[in-house]
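> I have a structure here, written as structure tokens, and I will follow up with some questions on it.
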2 protein chains.
Amino acid sequence: MAYTPATEELIRALQGLPGIGSRSAARMALHLLERDTESAQWLNNALAEALNKVHRCPSCRTLTEQVECDICQDSERDASSLCVVVNDADRAAIEMSKQFQGHYFVLHGVLSPIEGVGPEQLAIFDLIDKLKNNDVSEVIFVLDDQMESEATVFYITEQLKAIDVRCSRVTLMHLKNGNLDQAESRHLVSALTNRQEITLEQE
Amino acid sequence: MAYTPATEELIRALQGLPGIGSRSAARMALHLLERDTESAQWLNNALAEALNKVHRCPSCRTLTEQVECDICQDSERDASSLCVVVNDADRAAIEMSKQFQGHYFVLHGVLSPIEGVGPEQLAIFDLIDKLKNNDVSEVIFVLDDQMESEATVFYITEQLKAIDVRCSRVTLMHLKNGNLDQAESRHLVSALTNRQEITLEQE
């Protein structure tokens, strides 16, 4: 063993971060333990605090520290319009664009049978119930153009055939894993304005 | 603010990791809080454990969880030969090569006045004392060929003029921030065998 057991364990744990392989993880672990224990302590406190405080809004699954998120609590927002997004970063990007005044529903992923992500993991049935029981007249899907995203939109719209709701689709090439930043939000503005309605064949 | 306060704090803390900018940090934070709280909890525990247990060996500054590191405790190692390295990853790489049977001294950095790293931060005076008080006959510097590394070797050898000790220098192009892995350790083997003696002008 090259390092101490606790160091090796930290290296393995760091590999749980997206895009971090064993070499980067070893470099990070040694940086934290050798040179910057202050940053390590800060990270440890911040992570414990976030794990303790941050949870999903029971209504829309946005990450929040309150019982219900700011947007769901805000009576000035348009509850008749619901924007479905893949993750909290995409929701934040749309909020920053200030082009949408409705509510959100955060899937926290896309359908991926191979990774064990089905409708339950994405709370799609909760979404359907929400649409049945509330006065939502329009659902806007803002997802990227990857195959899994298309399949997710298709799956949800299939479930919506029985419900009287207008569906639109905004495809954003740049929207991938929350990588949309302020510069790219200009694309979002025009995409939201020119969104395409999805024609549902009524059953 | 795009995210909750605890999420924003976690994003800032993650930027303390080497090579992680604000976008990567945001992606990591959301991954941990949205999709993989199990990994987040694991990382939090591993980091707390490592911060609690891992410290520098008082004799050679290798990272250890014991009072003194394994190598310093091992009576079969050759205490007359001392290898000076920049960090624990380099020490681990040399250990893996099995080409060195002596003791180590880990600097945990190189001299860099601009970053506030002087002889005290690298414990160079402890190293000099160690060489004065112990029966070390040979010091081998295994550092890369960067300017700061050269300056660090020069500074230490200047201090060693008054001590009867043989100094050698192994320059490894690949040795940078502990990036030496098992494949590259073949370079290390030949470099250690063909190390160059540094001629000290005796005062």
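The values are calculated or read from the model by the stated rules, or taken from the named source; none is laboratory data. Keep in mind it's a predicted model, so treat the numbers as computed, not measured. So basically every Cβ, Gly included, is an ideal-geometry build from the backbone, and we count neighbours across all protein chains shown.
> Report, by residue number, each residue of the stretch B:161-183 that is modelled with pLDDT of 85 or more and either within 13 Å of B:N194 (Cα to Cα) or in a strand (DSSP E or B) (or both).
Within the stretch B:161-183, B:R166, B:C167, B:S168, B:R169 meet the criteria.
> As an exercise: evaluate A:L17 against (1) more than 7 Å from chain B (Cβ to nearest Cβ); (2) outside any helix (DSSP H, G or I) and give the number of the one condition it does not meet.
Failed condition: (1).
> Within the stretch B:142-158, how many residues are within 16 Å of B:L131 (Cβ to Cβ), surrounded by 15 or more Cβ atoms within 10 Å (Cβ to Cβ) and either modelled with pLDDT under 90 or not aliphatic (A, V, I, L, M) (or both)?
3
Table: residues versus (1) of a type in the set (A, V, I, L, M); (2) under 15 Å from the mean Cα position of the chain (by Cα).
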{"site": "B:V54", "(1), (2)": "yes, yes"}
{"site": "B:P58", "(1), (2)": "no, yes"}
{"site": "B:Q73", "(1), (2)": "no, no"}
{"site": "B:D78", "(1), (2)": "no, no"}
{"site": "B:Q99", "(1), (2)": "no, no"}
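> Here are B:V110, B:V106: which of them is hydrophobic (A, V, I, L, M, F, W, C), under 19 Å from B:N133 (Cα atoms) and either touching a helix residue (DSSP H, G or I) at 6+ places or on another chain (Cβ under 6 Å) or free of Cβ contacts under 8 Å to residues at least 12 places away in the same chain (or both)?
None of the other options fit; the residue is B:V106.
> To continue, here is another question. Inspect all residues belonging to the stretch A:77-89 and state whether any of them is touching a His at 6+ places or on another chain (Cβ under 9 Å), closer than 30 Å to A:A29 by Cβ and not in a loop (DSSP other than H, G, I, E, B).
Checked the stretch A:77-89: at least one residue is touching a His at 6+ places or on another chain (Cβ under 9 Å), closer than 30 Å to A:A29 by Cβ and not in a loop (DSSP other than H, G, I, E, B).
> Return the residues of the stretch A:25-58 that are touching a Leu at 6+ places or on another chain (Cβ under 8 Å), surrounded by fewer than 20 Cβ atoms within 10 Å (Cβ to Cβ) and at the interface with another protein chain (Cβ under 7 Å from one of its Cβ atoms); say none if nothing qualifies.
A:T37, A:S39, A:Q41, A:E49, A:L51
> Select, from A:I128, A:I140, the only residue that is β-branched (V, I, T), part of a strand (DSSP E or B) and either under 11 Å from the mean Cα position of the chain (by Cα) or under 18 Å from A:C167 (Cα atoms) (or both).
On inspection, the qualifying residue turns out to be A:I140.
> What residue, among those in the stretch A:59-68 that are among the β-branched types (V, I, T) and buried (at least 20 other Cβ atoms within 10 Å of the Cβ), is farthest from the other protein chains (Cβ to nearest Cβ)?
Applying the filter and picking the extreme gives A:T62.
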